[in-house]
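The values are calculated or read from the model by the stated rules, or taken from the named source; none is laboratory data. Everything quoted here is computed from the prediction, not taken from an experiment. FYI the Cβ positions are ideal-geometry reconstructions off the backbone, even for glycines, and counts take in every protein chain you see.
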Amino acid sequence: APAEQDRAPRLSVIGTGYLGATHAACMSELGFEVLGVDVDPEKIARLSRGEVPFHEPGLPELLRTHVESGRLRFTTDVAEAARWADVHFVGVGTPQKVGESGADLRYVDAALASLAAAIDRDALIVGKSTVPVGTARRLAAMVRRVRAEAGLPGEVELAWNPEFLREGFAVKDTLTPDRLVIGTDGTRAEPVLRRVYARQLAADTPWISTDLETAELVKVAANAFLATKISFINAFSEITEAVGGDIGTLADAIGHDARIGRRFLNAGVGFGGGCLPKDIRALQARVSELGLDRTMRFLAEVDDINLRRRDRVVDLAVQVLSAARDAGRGEAAAYGGKTTGSGVEVLRGARIAVLGVTFKPDSDDVRDSPALDVANRLYTAGADVRVHDPEGNANAAARFPRLDYVDSLEEAVEGAELTLLLTEWQAFREMDPAAVGALVDARLLIDGRNVLDVAAWAEHGWTVVGLGHRFDP
Ligand code: NAD
């Protein structure tokens, strides 16, 4: 009926994690009726109460508003979504396979299979998850096969619309993205998606309409580039750590070249999270499957450089503590300035405050977090590690329950012999060196993100060592 076609499309979002819950709330903010679906009943119960199960600025307000108005609902029943919605966005996880570098596609496969078997009308399935190139075409064939075998009525088309949101800015990035990429293999998806994203189009958001393979590749290409940029500056860190020099000035200077750009050139403990590490690994695995073994080999180096940053923080902790102990015993002078306790045994029993465990500020996400990895390594080496993160303590404790998590910065640094700043939360950037100095046992700090003003802290008697800087005991 014409009336049916004129109404706004009803949307479902399958998988309501960081991506999906944000997408669902933002689509209702745009005026659509939305049904969120997840296999995790606990998550669905919380979302249905208007509660965001993770930390994302601005999202709780949106979710509450639209759950209360009834425009946004949640269910664990995919069949309900299949009967009701015109467009199904799929944002389930695509984690790294355990013990392998490729992506684990079982959740995407399961989500698509359950949808395909339950849709009994015309509909559009729009993948948003990050997937290896070729996945969408394979899934489209699977959807056709499942539907033909079951003899289900209706036309179902599959499109891919990769997501570029950043945790911490997820709402803004979803409502006002830098660009929209729409990969299709048919004619029905594009006009429907133009209607769904009408507000973004009206705001002149670049609209890239392409095939399925390009759409899949745009996402992994963007992440591979960003990871490379971070590891590029961190490789230079290894040089400045050896010979001296200032990595921040180097980044500023090359960043002035508009072709290079200053963003994502911050030397530090490296990248982590649920996307960059697994995406560069999945890309290498996928191109190898395609017989292009050499093509993405440089990403293995990008990954290695990134992981070596974590080793560097642990080494630096050993050096800083050894130097402090030698100085305390007067041995540095007696042995011609050489430190004697250069082994990791210096970590045993050392009281170390770790500030930050999430992979980045303004998120509670600790997936593949460099900060949490470093904290755990120090603990494993015998250090007495006290951890504080404004939002990440609970997720970190679920992963590494034996670390000592505390609720405040003050508790974390109280009596510390060494303090590590590993995630650049605003509260840590703004720490008062005098106040923190009054609580610690020793004014020694490793700035894993190069965010503190070393000179200002030195005025209060602190030794602050940044990554990418030479440490001279
Ligand atoms: P997540 O783990 O937070 O969420 C995934 C959700 O999918 C979980 O709630 C899980 O229960 C649910 N799920 C699994 N199987 C399901 C099924 N068959 N039916 C319904 N729900 C199911 O993951 P995320 O961070 O939101 O990432 C999801 C995808 O988005 C990944 O491919 C990721 O690479 C991509 N992505 C994430 C971000 C980000 O910043 N988090 C940004 C861009 C792209």
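Laid out as a table, the results:
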| read-out | value |
| --- | --- |
| Check on ALA235, in contact with a Pro (Cβ under 8 Å, 6 or more places away or on another chain), within 30 Å of VAL98 (Cβ to Cβ), of a type in the set (Gly, Ala, Ser) and in contact (Cβ under 8 Å) with a residue 60 or more places away in the chain | no |
| Matching option when the condition is farther than 19 Å from PRO41 by Cα and in a helix (DSSP H, G or I), among ASP120, ASP109 | ASP109 |
| Condition met for ALA381 (touching a helix residue (DSSP H, G or I) at 6+ places or on another chain (Cβ under 7 Å), within 22 Å of GLY349 (Cα to Cα) and among the hydrophobic types (A, V, I, L, M, F, W, C)) | yes |
| Matching residues, region 257-293, being more than 27 Å from LEU421 (Cα to Cα), among the acidic types (Asp, Glu) and either in contact with a helix residue (DSSP H, G or I) (Cβ under 7 Å, 6 or more places away or on another chain) or not in a loop (DSSP other than H, G, I, E, B) (or both) | GLU289 |
| Candidates ASP185, ASP204, filtered to the one that is under 22 Å from ASP122 (Cβ atoms), out of contact with any His (no Cβ under 7 Å at 6 or more places or on another chain), assigned to a loop (DSSP other than H, G, I, E, B) and not assigned by TED's automatic domain parsing to the domain that holds LEU283 | ASP185 |
| Scope region 24-34; condition surrounded by 24 or more Cβ atoms within 10 Å (Cβ to Cβ) and either acidic (Asp, Glu) or within 12 Å of the ligand (Cβ to nearest atom) (or both); matching residues | ALA24 |
| Residues that are more than 30 Å from ALA285 (Cβ to Cβ) and touching a helix residue (DSSP H, G or I) at 6+ places or on another chain (Cβ under 8 Å), drawn from region 201-225 | LEU201, TRP207 |
| Answer from ARG297, ARG308, ARG262, ARG281 - the residue that is within 16 Å of the ligand (Cβ to nearest atom) and surrounded by fewer than 22 Cβ atoms within 10 Å (Cβ to Cβ) | ARG281 |
| Options GLU51, GLU61, GLU68; residue that is part of a loop (DSSP other than H, G, I, E, B) and either more than 10 Å from the ligand (Cβ to nearest atom) or among the aromatic types (Phe, Trp, Tyr) (or both) | GLU51 |
| Residue, surrounded by the most Cβ atoms within 10 Å (Cβ to Cβ), within region 246-259, restricted to residues that are closer than 20 Å to ASP447 by Cβ and either free of Cβ contacts under 8 Å to residues at least 24 places away in the same chain or not assigned by TED's automatic domain parsing to the domain that holds CYS275 (or both) | ALA251 |
| Scope region 219-249; condition in a helix (DSSP H, G or I) and over 21 Å from GLU301 (Cα atoms); matching residues | VAL243, GLY248, THR249 |
| Whichever residue in region 35-48 is outside any helix (DSSP H, G or I) and closer than 15 Å to HIS66 by Cα and, among such residues, is farthest from the ligand (Cβ to nearest atom) | LEU35 |
| Pair list, Cβ under 7 Å, 6 or more apart: region 348-367 residue on the phi > 0 side of the Ramachandran plot and buried (at least 21 other Cβ atoms within 10 Å of the Cβ), other residue hydroxyl-bearing (Ser, Thr, Tyr) and outside any strand (DSSP E or B) | GLY356/THR423 |
| Flag if GLU56 is charged (D, E, K, R) and not in a helix (DSSP H, G or I) | yes |
| Test set (1) in contact (Cβ under 8 Å) with a residue 60 or more places away in the chain; (2) more than 14 Å from ALA136 (Cα to Cα); (3) surrounded by 17 or more Cβ atoms within 10 Å (Cβ to Cβ) - GLU100 fails condition number | (3) |
| Selected residue (only one of ALA85, ALA81, ALA24 is touching a strand residue (DSSP E or B) at 6+ places or on another chain (Cβ under 8 Å), closer than 20 Å to ASP173 by Cα and small (Gly, Ala, Ser)) | ALA24 |
| Hey, VAL181 away from the ligand (no atom under 16 Å from the Cβ), at pLDDT 95 or above, among the aliphatic types (A, V, I, L, M) and more than 19 Å from the chain's Cα centre (by Cα) or not | no |
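Let's see how each residue does on (1) away from the ligand (no atom under 13 Å from the Cβ); (2) without any contact (Cβ under 8 Å) to a residue 60 or more places away in the chain; (3) surrounded by 15 or more Cβ atoms within 10 Å (Cβ to Cβ); (4) not aromatic (Phe, Trp, Tyr):
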position: VAL131; (1), (2), (3), (4): no, no, yes, yes
position: ARG137; (1), (2), (3), (4): yes, no, yes, yes
position: VAL171; (1), (2), (3), (4): no, no, yes, yes
position: PRO177; (1), (2), (3), (4): no, yes, yes, yes
